[in-house]
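I have placed the structure first, in the form of structure tokens, so that the comments after it can refer back to it.
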Amino acid sequence: MVAFDPAAKERELHDEATSWDTSAPVPAGPSDIPTVDVGPWFESADPADLADAADVLRDACERVGFHQLVGHGVTDAEIEEIFAATRAFHALDDELKQPILMDRAGHPVGGSGWMPVGERKLPRRAKGNLNEAFLVKRDEHLGFDDNQWLDDAVLPGFRATVEAYNRRVEALALRLLPVWAVALDLPADFFASAFEHPFQRLRMTHYPPDLASATDEFGIAPHVDTTFFTLLLQDSPGLTIFSAERQCWISVPSVPGAFVVNSGELLRTWSNDRVLSTRHFANNSATESRYSIPFFFNATADFPMECLPSCHGPDNPPRYPTISYNQSQAVVQGE
């Protein structure tokens with residue numbers, strides 16, 4: 001077992017990402033991205049329905065690292081409301097967003113507020129990403145009030161809409177934990193203590209139309225997420241993932257009403273590499289704006305994540321030390 005070095009990990013992720021050839025993506029085939037339907041279990045609470053959903057999730061997280069989530073209970077109206085708020089925020093002049101600039105001097109919470117086009121953070125890259133975003137983060141010690149918000153007179157109702165959606169998707173993420181536990185051959189309530197105060201970030205992203213032809217320009221550069229899992233809404237295609245099974249890049253379709261879900265580095269290491277952390281990137285449309293809303297979900301920031309009991313044994317010892325989000329991914333993210 002090797003001790004975790006967050007600086008070395010950041011260099012590794014950066015170097016790996018810049019070495020990937022992303023030039024020839026192909027459309028996803030019928031079995032490339034599984035669909036996990038949690039609706040029957042949410043409705044019945046029957047362990048058999050939980051097991052059925054977990055079986056599909058197990059295949060998805062061990063073979064692909066991504067899946068489409070349906071039956072989740074978030075309504076079309078709720079989805080449209082958060083997309084409308086995202087579009088309205090990014091339609092504002094930059095001068096109106098400047099007072100809540102992410103990482104501005106004098107604001108004590110990093111990684112929240114407005115991130116303009118061309119920023120080289122999240123993920124860190126040598127070239128700026130062709131997107132802008134509004135970010136909100138929460139954990140045991142950070143609440144909504146600790147984030148940066150526009151005055152309500154500038155964009156009436158925006159904060160209320162964002163807070164309501166954040167609470168809604170957090171509740172969904174917590175409700176999904178038993179599916180992930182059973183998929184990993186653990187008791188359904190196994191993750192409850194680890195997520196009493198989850199660290200989470202909501203990112204409302206705008207990919208403006210891009211007329212550039214450079215092959216090394218990205219809406220968001222190739223990377224892997226550092227999360228337990230990520231719940232993503234996208235209003236149009238643009239996301240591309242690497243298929244380990246096919247050894248090629250595949251374009252993820254935009255399925256109305258579905259969340260695109262992927263596991264990240266936190267769960268990969270916690271599961272002793274059983275669960276994939278799949279590389280991916282996004283590109284802009286040449287003609288129109290694209291919007292996506294990922295919700296990054298992690299364990300309580302100081303919870304010690306010891307190798308999952310179902311993911312190691314005499315012939316498969318733990319590869320990673322017991323470590324918390326604060327000691328690992330938070331350092332990599334520059335928290």
- Item | Sole exception among (1) among the small types (Gly, Ala, Ser); (2) over 21 Å from Glu81 (Cβ atoms); (3) free of Cβ contacts under 8 Å to residues at least 24 places away in the same chain for Ser254, by number | (2)
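Okay, residues lined up against (1) touching an Asp or Glu at 6+ places or on another chain (Cβ under 7 Å); (2) surrounded by fewer than 19 Cβ atoms within 10 Å (Cβ to Cβ):
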{"site": "Phe229", "(1), (2)": "no, no"}
{"site": "Ala258", "(1), (2)": "no, no"}
{"site": "Val261", "(1), (2)": "no, no"}
{"site": "Arg279", "(1), (2)": "no, no"}
{"site": "Thr287", "(1), (2)": "no, yes"}
{"site": "Phe295", "(1), (2)": "no, no"}
{"site": "Ala301", "(1), (2)": "yes, no"}
{"site": "Gly313", "(1), (2)": "no, yes"}
- Condition set buried (at least 18 other Cβ atoms within 10 Å of the Cβ) and among the β-branched types (Val, Ile, Thr), scope region 139-170, selection nearest to the chain's Cα centre (by Cα): answer is Val169
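One line per residue, one yes/no per condition, for (1) touching a strand residue (DSSP E or B) at 6+ places or on another chain (Cβ under 9 Å); (2) in a helix (DSSP H, G or I); (3) of a type in the set (A, V, I, L, M); (4) surrounded by fewer than 17 Cβ atoms within 10 Å (Cβ to Cβ):
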position	(1), (2), (3), (4)
Val36	yes, no, yes, no
Ala48	no, yes, yes, yes
Arg58	no, yes, no, no
Leu69	yes, no, yes, no
Glu78	no, yes, no, yes
Phe83	yes, yes, no, no
Arg87	yes, yes, no, yes
His90	yes, yes, no, no
- Message: Against the condition β-branched (Val, Ile, Thr), modelled with pLDDT of 95 or more, within 20 Å of Ile100 (Cα to Cα) and in contact with a Leu (Cβ under 6 Å, 6 or more places away or on another chain), how does Val162 come out, does it pass?
- Response: no
- Of all strands (runs of 3 or more DSSP E) fully inside region 251-335, the set with 2 or more residues that are of a type in the set (Phe, Trp, Tyr) and closer than 14 Å to Thr227 by Cβ is 290-300
- Please state which of the following conditions Glu95 fails to meet, knowing it meets all the rest: (1) buried (at least 17 other Cβ atoms within 10 Å of the Cβ); (2) at pLDDT 95 or above. (1)
- Message: Being in contact (Cβ under 8 Å) with a residue 24 or more places away in the chain and closer than 20 Å to Asp235 by Cα is the filter here; which residues of region 85-98 pass it?
- Response: Ala85, Thr86, Arg87, Ala88, Phe89, His90, Leu92
- Message: Six or more apart or on different chains, Cβ atoms under 7 Å: show the pairs whose first residue is in region 190-210 and under 18 Å from Trp270 (Cβ atoms) and whose second is among the charged types (D, E, K, R) and in a strand (DSSP E or B).
- Response: Gln200/Lys137; Gln200/Arg138
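The values are calculated or read from the model by the stated rules, or taken from the named source; none is laboratory data. Please read these numbers as outputs of a predicted model, since none were measured by experiment. Here the Cβ is made from the backbone with ideal geometry for all residues, glycine too, and neighbour counts use every protein chain on show.
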